[in-house]
Amino acid sequence: MKIKTCLYAMIGAWIFAGSPAYSADKVTIHVSYVNSYMKPIHEEIARRFSQLHPDIAVVLSSPVEAWGDQVQRTILDSATGNRPDIAEHAFNLFGQIADRGLAQPLDSLIKQEKDWASMGYSPALTSLGTYQGKIWGLPFRISTPIIFYNADLLRSVAENPPEFPSDWQGILQVAKRISALGDQRVGMFFDYQADGNWTFQALLNLRGGQLVTSEGKIGFNNAEGLSALTTLNEIGQSGMIDMPREQARQSFAAGILGMYVGSSSQLGNLLKASGNKFSIGTASLPRSASNARIPVGGGIYMLTTKDPKKQAAAWEYIKFATGPVAQTSVVEQTGMMPSNDLPAHDPNLLGKFYSENPLYLASLEQLPIVTTWTAFPGPNSVKISDTIREHLRAVVTLKAKPDIALAAMTKDVEALLR
């Protein structure tokens, strides 16, 4: 981790989201989270919680922007005596926090909840925070990779409007036609830069492959891996311009990028940024195997305090933030899936919302095929992710052929695993 990130974690400003005054009988809990675009949502949840629990003050951290940095921040804060009471960690990295003894399992707290079975936490959801037989956190946000597309641009070049292509061949043909329009038009941007090689894992999983085996070994050195890299290479050939992911989102919102492949969590932001200048559509990524899966992105809320009084207060906050009311706000403002089973079936929460906002269904409809977002084990996990990302960059920018990149990527990851 860079020095400035360490310093940022040590001296980062804390934003008070509860009552403006601290009283002697109040319990103050600190919540550490990721991504500045989530700030308004966290502030709203903290404000609502404080109204229901005036005896608990909530303090929100200044967020880091990458999940790997969040791991390092929690480690550093714990070492310097500034450990938060609740920390959000990615599905693929929270095991590192558990392994270091920096969080408390929730099993005993869950057993004390008499109505747990009716609170909307299905076994499928709690499994996302389960590691080595224990529940280490409850999902706070769940997203999947989807395709955002400029429906107006697609209609201008598609052979069969308004149908969106169902396979990569058809999608890439449309991308090439959009790029050929000129005037700064770009057919597609695939967010290969996503943390933890999330979108690359999606390409693998949708082909029946995997990034990491159950034994923690390389899972992509095979036909599925070559096929995934070939698709990336073809996206590059369609005219994709390599740029920072935020710039790609801005290009999409400006109407010059035809398709953006990234997290469903960006839907709310893209709708606001585009300002109704054009019609936005959403679609699932193509599946090419009977056992196709899609990795969930996002993270869980982990209980990181050891103080019994703060644990009780933090547990109340975790339940509220992952409960139906807060999750309704998360879905409406982002496009993520709810991490609680109740709101989608409640007409007063998300039932009506989904019927009136079909764009948000692209992610929800993938729920039957979701799978775990995996990471390589060991101290080099984040470094391996960074290494894979550079190979993906070489493929999508046409600097490396898929087969050559696959061999090089395998060799580099094997070295880091050793």
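The values are calculated or read from the model by the stated rules, or taken from the named source; none is laboratory data. These figures come from a predicted structure and were not determined experimentally. Here Cβ is always computed from backbone atoms with ideal geometry, including for glycine, and neighbour counts include all displayed protein chains. Ligands, DNA and RNA are excluded from the accessible area calculation, which covers all protein heavy atoms including side chains. Shrake-Rupley method; radii C 1.70, N 1.55, O 1.52, S 1.80 Å.
Looking only at residues of the stretch 121-150 that are modelled with pLDDT of 95 or more and over 20 Å from the mean Cα position of the chain (by Cα), we find that the one that is farthest from H89 (Cα to Cα) is N150. If you check I11, I56, I3, I15 for being among the β-branched types (V, I, T) and at pLDDT 95 or above, only one passes: I56. For the stretch 370-388, state whether one or more residues are under 29 Å from Q169 (Cα atoms), part of a loop (DSSP other than H, G, I, E, B), open to solvent by 50 Å² or more (accessible area, probe 1.4 Å) and of a type in the set (S, T, Y). Scanning the stretch 370-388, I find at least one residue that is under 29 Å from Q169 (Cα atoms), part of a loop (DSSP other than H, G, I, E, B), open to solvent by 50 Å² or more (accessible area, probe 1.4 Å) and of a type in the set (S, T, Y), so the answer is yes.
Number of residues in the stretch 209-225 that are surrounded by fewer than 16 Cβ atoms within 10 Å (Cβ to Cβ) and under 22 Å from the mean Cα position of the chain (by Cα) equals 3. Scan the stretch 133-150 and give yes if some residue there is touching a residue at least 60 places away in the same chain (Cβ under 8 Å), open to solvent by 10 Å² or more (accessible area, probe 1.4 Å) and closer than 30 Å to I178 by Cβ, otherwise no. Yes, the stretch 133-150 has at least one match.
Count of the stretch 119-132 residues, restricted to those that are open to solvent by less than 30 Å² (accessible area, probe 1.4 Å) and of a type in the set (V, I, T), is 1.
Take the residues in the stretch 112-144 that are of a type in the set (S, T, Y) and in a loop (DSSP other than H, G, I, E, B); name whichever of them is farthest from P308 (Cα to Cα). The selected residue is T144.
From the residues in the stretch 392-409 that are in contact with a Gly (Cβ under 8 Å, 6 or more places away or on another chain) and either closer than 16 Å to I218 by Cα or outside any helix (DSSP H, G or I) (or both), which one is least open to solvent (accessible area, probe 1.4 Å)? Spell out the reasoning first.
Let us first name the residues in the stretch 392-409 that are in contact with a Gly (Cβ under 8 Å, 6 or more places away or on another chain), namely 395-398, 406.
Going one step further and asking which of them are either closer than 16 Å to I218 by Cα or outside any helix (DSSP H, G or I) (or both), we end up with 397-398, 406.
Values: T397: 43, L398: 90, L406: 16 Å².
So the residue we want is L406.
Hey, can you tell me all the residues within the stretch 328-349 that are aliphatic (A, V, I, L, M) and open to solvent by less than 50 Å² (accessible area, probe 1.4 Å)? Passing the criteria: V330, V331, M336, M337, A344, L349. For the stretch 287-327, taking the residues that are among the small types (G, A, S) and within 20 Å of the chain's Cα centre (by Cα), the one that is surrounded by the fewest Cβ atoms within 10 Å (Cβ to Cβ) is identified as A292.
Checking the conditions here, which among G255, G323 is out of contact with any helix residue (DSSP H, G or I) (no Cβ under 6 Å at 6 or more places or on another chain), on the phi > 0 side of the Ramachandran plot, at pLDDT 95 or above and not charged (D, E, K, R)?
Being out of contact with any helix residue (DSSP H, G or I) (no Cβ under 6 Å at 6 or more places or on another chain), on the phi > 0 side of the Ramachandran plot, at pLDDT 95 or above and not charged (D, E, K, R) holds for just one of G255, G323, which is G255.
Taking the stretch 271-286, which residues are open to solvent by less than 30 Å² (accessible area, probe 1.4 Å) and in a helix (DSSP H, G or I)? Walk me through how you get there before you give the answer.
So the first thing to find is which residues in the stretch 271-286 are open to solvent by less than 30 Å² (accessible area, probe 1.4 Å), and the list is 274, 278, 280-283, 285-286.
Listed by number, the list holds a single entry, S274.
Criterion applied to I45, I41, I29 was being modelled with pLDDT of 95 or more and over 20 Å from the mean Cα position of the chain (by Cα), and the one residue passing it is I29. Tell me which residues, restricted to the stretch 240-263, are closer than 16 Å to L392 by Cα and either touching a residue at least 60 places away in the same chain (Cβ under 8 Å) or open to solvent by 40 Å² or more (accessible area, probe 1.4 Å) (or both). Residues satisfying the conditions are M240, I241, D242, P244, R245, V261, G262.
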